[in-house]
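This report refers to the structure that appears directly beneath it.
The values are calculated or read from the model by the stated rules, or taken from the named source; none is laboratory data. These numbers were taken from a predicted model, which means no experiment stands behind them. Ideal geometry is used to build each Cβ from the backbone, glycine not excepted, and the neighbour counts take in all protein chains shown. For accessibility, only protein heavy atoms count, side chains too; no ligands or nucleic acids. Shrake-Rupley method; radii C 1.70, N 1.55, O 1.52, S 1.80 Å.
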Amino acid sequence: MTTPPAPGEGPVRPVSVSLHEGTIAALKERTGKRGMSAYLEALIQRQLERDRLRELIEDAEAEHGPVDHGAVEAKRAVLRGNTAGSADAA
């Protein structure tokens, strides 16, 4: 049994999707008629990545408990170089 290709891999196939007219008009304005497929491909891949990330976060929270938002903000401050007053943030 072969493994299905990962997102962004494998041959390209046409599919039919239904979109609102306003969405189509905005998409064509942004991409031109010939760039719609590439734009939608990138958009879908990005959403799939976000979905997988959300699943990883949910799994981690189920195993280790909810995120300590204070600790997250302290780490962000360190990454941004805003370490004044946060000596124990690292």
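For the range 20-35, indicate whether the set of residues that are at pLDDT 95 or above, over 21 Å from the mean Cα position of the chain (by Cα) and outside any helix (DSSP H, G or I) is non-empty. The answer is yes; a qualifying residue exists.
Answer with yes or no whether Glu49 is open to solvent by 100 Å² or more (accessible area, probe 1.4 Å), within 27 Å of Val72 (Cβ to Cβ) and of a type in the set (Asp, Glu). So Glu49 passes the test.
Failed condition for Glu55, given (1) exposed (fewer than 10 other Cβ atoms within 10 Å of the Cβ); (2) at pLDDT 95 or above, with all others met? Status for Glu55: all satisfied but (1).
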